[in-house]
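One structure is given below, encoded as structure tokens.
The values are calculated or read from the model by the stated rules, or taken from the named source; none is laboratory data. On a predicted model such as this, the values are computed, not experimentally measured, just so you know. In this analysis, Cβ positions are derived from the backbone assuming ideal geometry, glycine residues included, and neighbour counts consider all displayed protein chains.
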Amino acid sequence: MSWLSLLILIPFATALAVVATPDSKWYLRRWVALFGTGVVLALSLVMSVSYMQVVQQRGGDASVLTISQMEFEQSIPWFKSMGIEYHVGVDGIAMAMIVLTAIIIFTGVLASWEVKERSREFYAFLLVLVTGVFGVFISVDLFLFFLFYEVAVLPMYLLIGVWGTGRKEYSAMKLTLMLMVGSALVLVGMLALYHAAGSQTFDLNKLAMVDYSRDLQQWVFPCVFVGFGVLGALFPFHTWSPDGHASAPTAVSMLHAGVLMKLGGYGVLRVAVYLMPEGAKQWALFFLVLTTINIVYGAYAAIRQTDLKYFTAYSSVSHCGFVLFGLCSLNLMGFKGAVIQMFSHGIMTGLFFGLIGMVYGRSKTRDLTQMGGLSKRIPWLATSFYIAGLASLGLPGLSGFVAESTVFLGGFFGNRWVDATTMRICTLLATSSIVVTAVYVLRGLSRVFQGPMTKPEFSQMQDATIPEKLCTGILVATLAIVGMYPPVLIDLIEHAILPIANRF
Amino acid sequence: MTGFLFENAWMIPALPLISILLIGLFATGSNARVAGIIGSVAIGTAFLLTCGLGLSYLSSAEAGASAVTWSIEWLRYQDHLVVSLGTLIDPISLLLLFVVTSVSLLVHVYSIGYMAGDEGYSRYFVFLSLFTFSMLGLVLAPNLLQMYVFWELVGVSSFLLIGFYYTLPEAIAASKKAFIVTRFADLFFLAGILVLGFFVHQWIVDSEWGGVTATALQSATATQALDFATINSEPVLANLKAQPGVFGLDLLTVAMLLVFIGAAGKSAMFPLHVWLPDAMAGPTPVSALIHAATMVVAGVYLVARLFPGFAASGDALHVVAAVGCFTCLFAALIACTQRDIKRVLAFSTLSQIGYMMLALGVASAEHPAGLGAAMFHLFTHAFFKALLFLGAGSVIHAVHSNDVADMGGLRKKMPLTHATFLIATIAIAGVPPLAGFFSKDEILGAALDGEHHLIFGVGLFVAALTAFYMFRVYILTFLGAHKSDGAAKAHESPPIMTIPLVVLGVMSVCGGWIAVSQFVLPGVELHAHLLVMGLSVAAAVVGIGAAFWLYGGQTNRAQSMADSMGGIYRLVQNKFYIDEVYLLVTKMIFRFIAAPAAWFDRHVVDAAMNLSAAVVRWFGARLNVLQTGQVQTYGIWMINGTIVILLFLWLVQR
């Protein structure tokens, strides 16, 4: 059995173990969850190191490949008549996403250390959700991919609807319905490709070898792009995100913004761009304009937000725009930047939502206008918040800069299928968002943490507890490591991006 | 260029970085006092290393030699676009290294006294070390992207230090303003990097230089598009010059102007100067280090680094000259009317940096004397301006006010502060044989040699204004009678604060005797202009005389003169209302872009989604009628359906 299957078995087994804990011992569940996710985190790190070794040993020249090289492969026939297989394997892109997911779920458990209400179901759903996410990243068979994708999306409804705050039923319903419409589009697209390839296989790499007709790609590409794009907060299908995040409990926001929104970008890259280069070339301009709107519009909308979660959600809309924008550049740097941004934004937004939960737990409000002067009482949380903010405004030395500068260069370099001037204007518009981001980040942070203390009860606040320090510490360290020494991430993903870039 | 110090020049920026870690680990709680010592020792060691590096450069390397002595691969974008972190050693980087480490060391030592007892003591030294690290990384950068990386980092350290007193609303506002205004300028810098990155890369690929490259993953050693060595090379510049850009300008000019906007933001050139006067809300030693001696001259340094590009473009250099010239006059005028001692110094800094930019602007590829003069002035200015700020800090520390109207008569109370402040004032006024005279003289000489008569005239006028406003501040602060209780009770600062003042005083006297221009531009001949010397001394004398005539006695001459100028005086005193214009524009952006975007999202985009959901629900409710639960009804529908399908199949078959 492949090591990869452990990535879905361990979280699932942990979920079962959580369910089996006795009623009276609620605190046992968090330790079980922490242990399970800790093992997964360790495993993912070990696997990415050994992945690097395997790639190095294989050697060869990746600059001529046009088919993704999967490692740690395993394939078991499942529905033979339809050619569906349990086929798993990873390349560098998937590996990076797996590490991201493992970090977010581990820190997510730490951030929900104090969840007592129905904690059994809470942790169980959380772990099932993450099982689905891991499943998506290890799938090579598109049917399997889709199956896990649905497993990941569904528990979200319950997690928000039950443990959420505010208009939680409305938000949960909205989020689920919009994502389901997206899934439907993806499914249509995938079935079309399956049929066009002769109804023999769902294997991604086998599908990639088929030469789909231009006409087919012309209508399937936008279906799949929009379908996954809904999850990646593509304008104008992003509106589930502010409401959903605002209502979701801390760990769910972290997982959702940190990992699930990345499934959108990942799907676009793996399925739409990789399988349908001709479609991508035809639609690049259209989606480039949409994603430019995403970036700029999300940033301006964030300026006006007064709720910390809405604020971060709109900032995510803007930052996720960079992922899709990079993918529309259709060149090596664009793809690379998009993947780095997925990782970087995942960690950064996980940190943001984790911190918002921690601050909210203390201040009992998320309204920016009500807060002030908190850094005196909670210096650890304030410092972490500032680091997250600086990462989001693209400060060099933190991972955001690595991602954004690569995306900008990718956009500016452009491609042969979109007019160079249009490409550059879009890129410069997208680049201008770094100023707007600086405005809203600094305004927001200075409201909350600086100035005189606005409420007398704030002076009773306690700084971060040990689980909170561990949670924020891990995320801050990840941002800094990737930001200060980008080769750790670039070496991992570059080999996997070349085959996709070579198709253009 | 080989040798231990050259190959390990990375240690110089690494030392303040280590100091951050050590302060974070050890200077907590009751041990906060050690923060100042750790910071000072680290930067002191960096200073010694810099001196060692400079000496071995002077003794071993060829004059004017330039080399990247150490580098590691950092960010691999793609072939020929691999960015390394490295150390570029050449005369101007050595010059800046010396300025940064020496002033930073003195400011660290001074701050031990100045910040004593502050509750953010160790946080202060962490930020100061962070700044020094970033500035050193910027100075040593061998490529444009490393420059940008550290450029942003100095920006953020400046932001943190301006907002150091984080409960004061004006400090918070000033820190945000500084960051956002410079960020806005950096956007253009980044755009310049994109332009240069793309077109230089394209040139490498098209030219034979591309043949050097290996495969996609092994190209770290090949020519890189963003290296200064590549950008400044003649074929690249010629190629860029030959391509059309936008608005009828050639590509090289476009790229250089974009980069220059970034430089103008950091160096607070008009109209991006608005953040610097407000930045005085930070602790005074910070103003001395960051907002006078080092960070704000980064723009001058950037232009000097890309000088071959600016010179080849020509037009870009004219813009540099015009902006520098205007800022230098504009800021000097405002400085004459301000009452806050730090604001006078801030406007004076703007004016002096304008002077440096002006000097760069009058240089050309054939007559680069202005480049040497700019670097020379950067060097001398760093010392006397840092001294003025630290002296002002010493005064503020004693009087507890920034307003010159609260000072007066401090000459006897604070003898050392007074003496050193006077030296710096004479130095900046351009009186021989102090430092400012020589560098200013060289700039004016370069302007005259380049036949820029208007610029020369403005420069001369500003020299007189500088002497005037500096002596105005000096007279109001140190001479006459006490104007407040604070001034009456003032006493000299402790030795830990006055020793740095004395050291800077020595540098302000002797700094001009060092042949900086010959070091920067070996082989370029400089000839003394007796005419220029005479005129600049005369300007200084006129300025000083005017200051004593207006402010020296007990008369009301100054007030009545201000009154007689009326509206014009108020216009200048209110800094030409440029802040107000910015405020208006910001409000417009908030009101007409941000607010509508947020509204549109909730009330149009989201409403459309909700509407589609409502439509689906409406249809769902209608279709509900069909689900009656009666098997008979279902049966009828089933039969009907079967008939329809059969009919359809029959039609298709036919």
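Descriptive notes on the structure:
- B:Phe26 more than 27 Å from B:Gln518 (Cβ to Cβ) and either within 14 Å of chain A (Cβ to nearest Cβ) or of a type in the set (Lys, Arg) (or both): no
- Qualifying residue in the range B:218-229 (condition: part of a helix (DSSP H, G or I) and either at pLDDT 85 or above or surrounded by 16 or more Cβ atoms within 10 Å (Cβ to Cβ) (or both)): yes
- Of all residues in the range A:430-447, one or more are without any contact (Cβ under 8 Å) to a residue 60 or more places away in the chain and more than 25 Å from B:Leu75 (Cα to Cα).
- Evaluation of A:Trp31 against (1) closer than 19 Å to A:Phe125 by Cβ; (2) surrounded by fewer than 18 Cβ atoms within 10 Å (Cβ to Cβ); (3) in contact (Cβ under 8 Å) with a residue 60 or more places away in the chain (one fails), failing number: (3)
- Test for B:Gly567: is it surrounded by fewer than 18 Cβ atoms within 10 Å (Cβ to Cβ) and either in contact with a Ser or Thr (Cβ under 6 Å, 6 or more places away or on another chain) or closer than 27 Å to B:Phe270 by Cβ (or both): yes
- The criterion of being away from chain A (no Cβ under 14 Å) and touching a residue at least 24 places away in the same chain (Cβ under 8 Å) does not hold for B:Ala281.
- Any chance B:Thr327 is polar (S, T, N, Q), over 14 Å from the mean Cα position of the chain (by Cα) and under 26 Å from B:Gln573 (Cα atoms): yes
- Restricting the range A:188-204 to residues that are surrounded by 17 or more Cβ atoms within 10 Å (Cβ to Cβ) and farther than 16 Å from A:Phe225 by Cα, the residue that is farthest from the chain's Cα centre (by Cα): A:Ala197
- The C-beta contact set for the range A:221-237 (first residue within 14 Å of another protein chain (Cβ to nearest Cβ) and free of Cβ contacts under 8 Å to residues at least 60 places away in the same chain, second residue in a helix (DSSP H, G or I) and of a type outside the set (A, V, I, L, M), distance under 8 angstrom, 6+ apart or interchain) comprises A:Val226/A:Gly182; A:Val230/A:Gly182; A:Val230/A:Trp240; A:Val230/A:Gly264; A:Phe237/A:Gly182; A:Phe237/A:Gly229.
- Selected residue [in contact with an Asp or Glu (Cβ under 9 Å, 6 or more places away or on another chain) and among the hydroxyl-bearing types (Ser, Thr, Tyr)] from B:Ser84, B:Ser59: B:Ser84
- Among (1) closer than 21 Å to A:Arg443 by Cα; (2) at pLDDT below 90, the one test that A:Gly361 misses: (1)
- Any hit, the range A:195-206, residues being more than 14 Å from every other protein chain (Cβ to nearest Cβ), in a loop (DSSP other than H, G, I, E, B) and free of Cβ contacts under 8 Å to residues at least 24 places away in the same chain: yes
- Matching residues in the range A:468-490 - criterion: being more than 12 Å from A:Val339 (Cα to Cα), in contact (Cβ under 8 Å) with a residue 12 or more places away in the chain and within 12 Å of chain B (Cβ to nearest Cβ): A:Val482, A:Gly483, A:Met484, A:Pro486
- For B:His80: the one exception among (1) more than 14 Å from chain A (Cβ to nearest Cβ); (2) on the phi > 0 side of the Ramachandran plot: (1)
- Residue in the range A:134-154 that is in contact with a helix residue (DSSP H, G or I) (Cβ under 9 Å, 6 or more places away or on another chain), surrounded by fewer than 20 Cβ atoms within 10 Å (Cβ to Cβ) and not hydrophobic (A, V, I, L, M, F, W, C) present: yes
- Long-range neighbours under 6 Å by Cβ, at least six apart or interchain, first residue closer than 17 Å to A:Tyr314 by Cβ and within 11 Å of chain B (Cβ to nearest Cβ) within the range A:378-399, second in a helix (DSSP H, G or I) and acidic (Asp, Glu): A:Gly394/A:Glu404
- All positions within the range B:161-170 that are surrounded by fewer than 23 Cβ atoms within 10 Å (Cβ to Cβ) and either within 9 Å of another protein chain (Cβ to nearest Cβ) or in a loop (DSSP other than H, G, I, E, B) (or both): B:Phe164, B:Tyr165, B:Tyr166, B:Thr167, B:Leu168, B:Pro169
- Hey, A:Gly321 at pLDDT 90 or above, under 17 Å from B:Ala597 (Cβ atoms) and either in contact with an Asp or Glu (Cβ under 6 Å, 6 or more places away or on another chain) or within 14 Å of another protein chain (Cβ to nearest Cβ) (or both) or not: yes
- Subset of the range A:163-184 [more than 14 Å from chain B (Cβ to nearest Cβ) and within 23 Å of the chain's Cα centre (by Cα)]: A:Trp163, A:Gly164, A:Thr165, A:Lys168, A:Ser183
- The criterion of at least 3 residues that are over 30 Å from B:Val362 (Cα atoms) is met by the following helices (runs of 4 or more DSSP H) wholly inside the range B:440-540: B:453-478, B:485-489, B:495-510.
- Restricting attention to the range A:325-350, the residues being under 12 Å from the mean Cα position of the chain (by Cα) and either of a type in the set (A, V, I, L, M) or within 12 Å of chain B (Cβ to nearest Cβ) (or both) number 6.
- Among the residues of this structure, B:Tyr551 counts as one that is away from chain A (no Cβ under 14 Å) and in a helix (DSSP H, G or I).
- Being over 27 Å from B:Val506 (Cβ atoms) and in a helix (DSSP H, G or I) holds for only one residue in B:Gly113, B:Gly192, and it is B:Gly192.
- Set B:Lys385, B:Lys413: member being among the basic types (Lys, Arg), crowded, with 21+ Cβ neighbours inside 10 Å and closer than 30 Å to B:Met561 by Cβ: B:Lys385
- Residues located in the range B:139-153, provided they are away from chain A (no Cβ under 11 Å) and either of a type in the set (A, V, I, L, M) or assigned to a loop (DSSP other than H, G, I, E, B) (or both): B:Val139, B:Leu140, B:Ala141, B:Pro142, B:Leu144
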